Number of protein chains: 2
Amino acid sequence: MATKGKITSLDIAYLAGVSQATVSRALRGSPLVNEETRRRIEAAVKQLNYKVDKNASNLRTQHSGTLALLIFEDPTADDSHINPFFLSMLGSITRACAQHGYDLLISFQQFSRDWHADYADSKKADGIILLGYGDYLAYRDKLATLVEQGTQSVRWGAVLPDQPDVSIGCDNFQGGRAIAEHLLAQGCRRIAFIGDASSHYPEFQERYRGYADVLAAAGVAVDPALQVDAETTELAGYEAMQALIASGAPFDAVFAASDLIAFGAMRALDEHGLKVPEDVALAGFDDIPMARFVNPALTTVLQDTRQAGEMLVEALLRMIRGEKVESAILPVKLTVRRSSLRGGAGGK
Amino acid sequence: MATKGKITSLDIAYLAGVSQATVSRALRGSPLVNEETRRRIEAAVKQLNYKVDKNASNLRTQHSGTLALLIFEDPTADDSHINPFFLSMLGSITRACAQHGYDLLISFQQFSRDWHADYADSKKADGIILLGYGDYLAYRDKLATLVEQGTQSVRWGAVLPDQPDVSIGCDNFQGGRAIAEHLLAQGCRRIAFIGDASSHYPEFQERYRGYADVLAAAGVAVDPALQVDAETTELAGYEAMQALIASGAPFDAVFAASDLIAFGAMRALDEHGLKVPEDVALAGFDDIPMARFVNPALTTVLQDTRQAGEMLVEALLRMIRGEKVESAILPVKLTVRRSSLRGGAGGK
DNA sequence: CTGAAAGCGCTTACAG
DNA sequence: CTGAAAGCGCTTACAG
């Protein structure tokens, strides 16, 4: 039937005995089309297995029905070792896109290199979602350029006073507070913080601020000797923990700025014969799926990735529609597991 | 400078003092363009921050420089609980696409519903990669339809004699053999298999065949009472293990058809006071990132997702180029960890 | 409610 | 090496 060549709306028009314009109207759901005509067209579409050519329709309408997701990662990142937290986000973003009838283009980006953010300019995507950690101070300029050029974009990350872009982030400060309060309630007083706490990594910095805030309010000294930098990998957490132990500074709890860091810390503690939670209470941040499987299961802060993904997509779509969009902060939830429980719950 | 309206190749042409056709040639890297002319054009492109409109160029050239990845999942699947193995695949596929200069569109699909495989027909993608478990016998017809309609596609999955499509899969049979041999070598004789072993799930079936093959060769009975169905989730593994324990059939080892199943089995064993590996040796399949973090760390079979992703993408691109492409089987690698070690390595 | 026609922004034979 | 022109397959004012 179909003459091998590509089937176009003209073929449908011919088969249905109408003009090509009417086919287009019918397929776009225009109310102007007669019910009977529409039925004939739909029959023809089915018969020839016709699909509208998106390149043509996108060219004509000047939008693509597609969003792009850029995930930043370390150059060191190995295939399968993308931060699981971002993979969860990816899942919920994909789903949110589908719900809104948008397709999703994804791309991993090296943080340090020039971003391939051309998806929007080249009309492959109507807007861009940015995801991933990296040095914010380096980040900032590129973000500003993006925004200046009028690229529609939203970012997952810390929500700060003067940032150039629209961001959605979780309440890192409250999360940090929750962990610190919990560890204090467990009787810990020498609580180490593993993770960068500078303005280069605002999310970690906020977690640290929450932690320091609670300690100070409780009259517990915030000892700089108990803070060790680490990027978000198991290895960095391991090495930072080693360094802390080697330093000889006494501690009875560890607040790792992310779950991956906590896993590394757990391994280092184990190698040094320090038991979690009996000798050292341990907590992380993110609540990635693995957190409940490690032994002991990890106390952490749940970031609701489902909600986050929906917020990101919805914010971006509103932006694309030309509405004014504000940054937003999502609540977090403390998730207590065995790794931080000093009392009777510990032990084998 | 740019008059707010969209910048097109005509603007570049005007600025560079050439025709629009020459701009197009220069930007596509045609050797016909004079060096000096090319430089002027490139300067203009930079000055106006021009990007080629992909919708227009794709429409003209009739291909999109994009591949689509469909990931099938259970309707029950929660946001963040996509099988981590497929997330690893997603990572390596994304990377492989980037290496080949292709963009990647992703979409989660409900297995039971009609697939939204229109990416290719609508010219949004040049081809499709299929990923995910599901009832193969139901799957098969849809696959056949896809292939019939001439949609370019490759699938990750079992490589079987009569399948309609091109598949890349790992050597499930050898993987099953490797686990069984290892468990036998540990002195186990009553080795349970948790996972579906029917032709509905050919990958699991192959793993089961490898296992049964080795047992038979070693003169160990393959007891049907020791095989319990389970889909690939932690919960299904947990429930299947409960059922097996409740059945009263004695066993000294468990071969779970996937790591997620193994995690669930581990939890059930733990709740029943059965120690891994002392009382029961346990092995999984996939080597997802969590496998090394559970306690005890899980013996499993490594599927090389990096290689798999590259193979899938390369096969699909060859197909798109019109080359003949065959299905292929990738080697696997036994990864022994503490969960299966009966000897001195066990214990705390 | 429908059709004829213009045009989205490119790419690429064709002619020079 | 370059330009003028056709055309990819749609969508949408415009006219009826």
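The values are calculated or read from the model by the stated rules, or taken from the named source; none is laboratory data. Remember, it's a predicted structure, so these values are computed and weren't measured experimentally. All Cβ positions, glycine included, derive from the backbone under ideal geometry; neighbour counts span all protein chains shown. All accessible areas refer to the heavy atoms of the entire protein, side chains included, with ligands and DNA or RNA removed. Shrake-Rupley method; radii C 1.70, N 1.55, O 1.52, S 1.80 Å.
I'd like the Karplus ³J(HN,Hα) series for segment B:150-155: coefficients 6.51, -1.76, 1.60, θ = phi - 60°, whole numbers in Hz, and an x wherever there's a Gly or Pro.
Once θ is set to phi - 60°, the couplings for segment B:150-155 become x, 6, 6, 7, 10, 10 Hz.
Would you mind checking the radius of gyration and Dmax of segment A:9-52 based on alpha-carbon positions, in Å?
Rg then Dmax for segment A:9-52, in Å: 8.8, 24.
Put a label point 7 Å from Cα along the Cβ direction on B:Lys324, then list its distances to the equivalent points in the other copies in nm, shortest first.
B:Lys324 label point versus its equivalents elsewhere: 6.6 nm.
Give the carbon-plus-sulfur fraction of the accessible surface of segment A:9-52 in %, rounded to a whole number; probe 1.4 Å, heavy atoms of protein chains only.
52 percent
Return the chain B residue and its Cβ-to-axis distance, rounded to the nearest Å, for the rotation relating B to A.
B:Asn295, 2
Can you pull out the trypsin sites (Lys or Arg not before Pro) in segment B:272-322 that DSSP calls coil and that have at most 11 other Cβ atoms within 10 Å?
Answer by residue number: B:Arg321.
Taking chain A as a Gaussian network, where each spring joins two C-alpha atoms under 10 Å apart, which residue of A:Leu298, A:Leu183, A:Leu160 fluctuates the most?
So, out of A:Leu298, A:Leu183, A:Leu160, the one fluctuating most is A:Leu160.
Can you pull a Stokes-Einstein diffusion coefficient for the protein assembly as shown at 25 °C (0.890 mPa s), Rh from Kirkwood over Cα pairs, as a whole number of µm²/s?
Value of D from the Cα-based Kirkwood radius: 89 µm²/s.
Principal axis extents for chain B, Cα atoms only, whole Å, descending order, please.
Over chain B, Cα extents along the principal axes are 84, 45, 33 Å.
Between A:Ser19 and A:Glu36, what is the spin-label point distance in nm, taking each point 7 Å from the Cα along the Cα→C-beta axis?
Output for this residue pair reads 1.9 nm.
Cut-off under 12 Å on the C-alpha distance; same-chain residues fewer than 8 positions from B:Lys51 excluded. Which aspartates and glutamates are left, in chain and number order?
Partners within reach: A:Asp118, A:Asp121, B:Asp11, B:Glu42.
Sort out the exposed loop GluC sites (Glu not before Pro) in chain A (DSSP loop, at most 14 other Cβ within 10 Å) and tell me the longest stretch that has none.
Result, exposed sites excluded: A:1-277.
Report, for A:Val220, each distance to the same residue's label point in the other copies, shortest first and in nm; define the point 7 Å along Cα→Cβ.
5.0
Any idea how far apart B:Ala185 and A:Glu323 come out in nm if each label point goes 7 Å out from Cα toward Cβ?
Distance between label points: 6.1 nm.
Tell me the trypsin sites (Lys or Arg not before Pro) within segment B:1-72 that lie in a loop according to DSSP and have at most 12 other beta-carbon atoms within 10 Å.
B:Lys4, B:Lys6, B:Arg28
Where the centroid of each part is defined by its Cα atoms, how far is segment A:258-317 from segment B:1-61 in Å?
The two parts, judged by their Cα centres, are 49 Å apart.
Net charge near B:Ala265, counting Lys/Arg +1 and Asp/Glu -1 over other residues with Cβ under 12 Å of its Cβ?
Within the 12 Å Cβ shell, the charges total -4.
What is the helix-to-structure angle for B:84-99, meaning the angle in degrees between its Cα long axis and the longest Cα principal axis of chain B, kept from 0 to 90 and rounded to the nearest 10?
Once rounded, the angle reads 30 degrees.
Given a 1.4 Å probe, how much area per residue of segment A:132-238 is accessible, in Å²?
38 Å²
How large is the translational diffusion coefficient of segment A:184-342 in µm² per second when you combine the Kirkwood radius over alpha carbon pairs with Stokes-Einstein at 37 °C and 0.692 mPa s?
200 µm²/s
So how much accessible surface do B and A hide from each other in total, probe 1.4 Å, in square angstrom to the nearest 100?
Summed over both sides, the interface buries about 4500 Å².
With +1 on each Lys and Arg Cβ and -1 on each Asp and Glu Cβ, and nothing else charged, work out how big the dipole of segment A:9-52 is about its Cα centre, in Debye to the nearest 20.
So the magnitude is around 120 debye.
Please give the residues of segment B:122-140, grouped as numeric ranges, whose backbone N is less than 19 Å from a label point set 7 Å along the Cα-to-Cβ vector of A:Arg60.
Zone members listed by number: B:122-125.
Taking each label point as 7 Å beyond Cα in the direction of the beta carbon, state the distances from A:Gln62 to the same residue in the other copies, shortest first, in nm.
Here the equivalent label points are 2.9 nm apart from this one.
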